[in-house]
Each structure stands twice: as structure tokens, then as C-alpha cells.
Amino acid sequence: MNSTFGYRADVDADTAFLDLARSDAAARGIANGDRVRVFNDRGSVLLTARVNGAVREGVVRAPSVRWPKRSPGRAGINVLTSERLTDIGGGAVFYSCLVQVEKCGD
């Protein structure tokens, strides 16, 4: 869906979410619908917080994201991932990475 319909504004409007556990959101002063910055030493992206029970404490999930050219700062979620390859099979390691999350200023 991201590559096939990413040009459509109606699809784009619903794709830039970050799921957070309630306890993690509360510790960071983040409420449902707040704009958040997700970052690590590789880069950062801006997403909208979805505070729900979809993930456990200590885990965040960006289930779908915008095309980089349609994102603030023209940065897509892959700026957070490593370019190294797995030791078994030489595949991508993009399924998990360490990030921090903070509420964006008003």
C-alpha cells in the first residue's frame, strides 16, 4: 500500500502514526493525537501518537508511513534503521531498532 497508493492524499492522511503504550506516553507527557518526534543517532521523523493497547511497554510501532517526499523534513521511517545486514542470510535488519520518542513543541 505504501508504494502503490502513497501519492493519494486520503491514504497519506492516515499513515503517519506511532503506536505507544499508555505508560510510555504518560511518562513522556504524550497524549493521543500529539505530534511526536521519533529519533535515534541515524535520524528523526515526525509522526502522530496513537496511545493505545496495541503495543507493550517499551515498544513503539509505526504500522505504516508516508512516502519520504510527503513527510515533514522529507524523511521516511527508514532513516531510523541500520544499513547493516543480518548474519544469517545477509538480509535487512529493519524490523527493529532502538529509538527515543518525545512530544513536539507547540
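Sorting 35-46, 52-63 by their mean Cβ neighbour count within 10 Å, with the most densely packed peptide first, gives 35-46, 52-63.
With θ taken as phi - 60° and the Karplus curve 6.51 cos²θ - 1.76 cosθ + 1.60 applied, the whole-hertz 3J(HN,Hα) list for the stretch 35-42 is 7, 10, 9, 9, 8, 7, 5, 9 Hz, x standing for glycine and proline.
Local charge sum around residue 24 (other residues, Cβ-Cβ under 11 Å, Lys/Arg +1, Asp/Glu -1)? Local charge sum for residue 24: +1. Applied to the stretch 45-58, the Karplus parametrisation 6.51 cos²θ - 1.76 cosθ + 1.60 on θ = phi - 60° returns per-residue 3J(HN,Hα) values of 9, 9, 9, 9, 6, 10, 8, 7, x, 6, 10, 7, 4, x Hz, with x for Gly and Pro. Length available on full extension from residue 82 to residue 39: 0.36 nm per residue minus the Cα-Cα distance, which gives 14.2 nm. Here the spin labels are modelled as points 7 Å beyond Cα on the Cα-Cβ line, and at residue 32 and residue 56 they lie 2.3 nm apart. Residues whose amide H falls under 5 Å from that of residue 17, counting only those 5 or more places apart or on a different chain, are 48, 64, with hydrogens built in the peptide plane.
No lab work stands behind these numbers, since they all come straight from the coordinates. What you see is a predicted model, and the numbers here were worked out from it, not measured in a lab. Note that each Cβ is placed from the backbone with ideal geometry, even for glycine, and that neighbours are counted across all protein chains shown.
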